[in-house]
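Note sheet for the following structure.
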Amino acid sequence: MTLPDWPELREHMLAPKPAFAFTAYAIGRDPLKLRYDGAGSFTLAETGRALVGEAWVTSAVEPQRFVRLRDADGEVTGREEVGRPSWIAEVRGLRGSATMRLWIDEEVGCIVRLERADDPAPLVVLDDLTIGDQSAADSGSGTFENTRQSTTS
């Protein structure tokens, strides 16, 4: 399979997203089961209340919120299954001078895993991603530990 180039993958990340449900994990935070409506609104899956102030989640789902994404330089380095098929990219300039490793969902274009290239501990993980009305996030079927075991080979 041919890998996309960085500009092509970046445009895929910037494209509109469909509605989907997911569980979000980050170091030092409780997992959040969420729904994204495809139009920029996030709600807690269990209560329907709006998600407020969680930039670590909203930027992963809508990468255009990273103000430096258009100027970031990257290279697509591989493909891997992390619950779903994802492209892997090494990106410079997204968050300061650090090189970030991103796993981008092939279908949706959201970041399903984000880590520093020099420290493979995940900063953000989106798991149980389910497109449309069906909600794997409600089932609790995926786990953070499953996604943390992935490698970049």
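The values are calculated or read from the model by the stated rules, or taken from the named source; none is laboratory data. Worth saying up front: this structure is predicted, and the values here are computed from it rather than measured. Using ideal geometry, Cβ is built from the backbone for each residue, glycine included, and neighbour counts are taken over all protein chains shown. SASA here: full protein model, heavy atoms, side chains in, ligands and nucleic acids out. Shrake-Rupley method; radii C 1.70, N 1.55, O 1.52, S 1.80 Å.
Quick notes on this structure:
- For the chain, the relative contact order works out to 26 percent when only alpha carbon pairs closer than 8 Å and six or more residues apart are counted.
- Ligands, DNA and RNA are left out, and with a 1.4 angstrom probe the accessible area of the chain is 50 Å² per residue.
- Isotropic mean projected area of the C-alpha convex hull, region 76-134 (nm²): 4.2 nm²
- Rg over Rh [alpha-carbon atoms, Kirkwood Rh] for region 2-65: 1.03
- Counting only DSSP H runs of at least 4 residues, each contributing -39500 (n - 2.57), and dividing by the residue count of the chain, the helix-based mean residue ellipticity at 222 nm comes to -4000 deg cm²/dmol.
- For region 93-134 and region 1-50, distance of Cα centres in Å: 10 Å
- Among Glu62, Glu115, Glu11: highest mean-square fluctuation, GNM of the chain, C-alpha pairs under 10 Å: Glu11
- The portion of the accessible surface of the chain made up by carbon and sulfur, rounded to a whole percent, is 47 (1.4 Å probe; DNA, RNA and ligands excluded).
- Solvent-free Debye scattering, log10 I(q)/I(0), computed from the Cα coordinates of region 13-104 at q = 0.16, 0.19, 0.22, 0.25 Å⁻¹: -0.75, -1.03, -1.28, -1.41
- Under the convention that each Lys and Arg Cβ holds +1 and each Asp and Glu Cβ holds -1, the size of the dipole of region 13-142 around its Cα centre is about 360 debye.
- In terms of the mean number of neighbouring beta-carbon atoms within 10 Å, the peptides 42-49, 24-31 order highest first as 24-31, 42-49.
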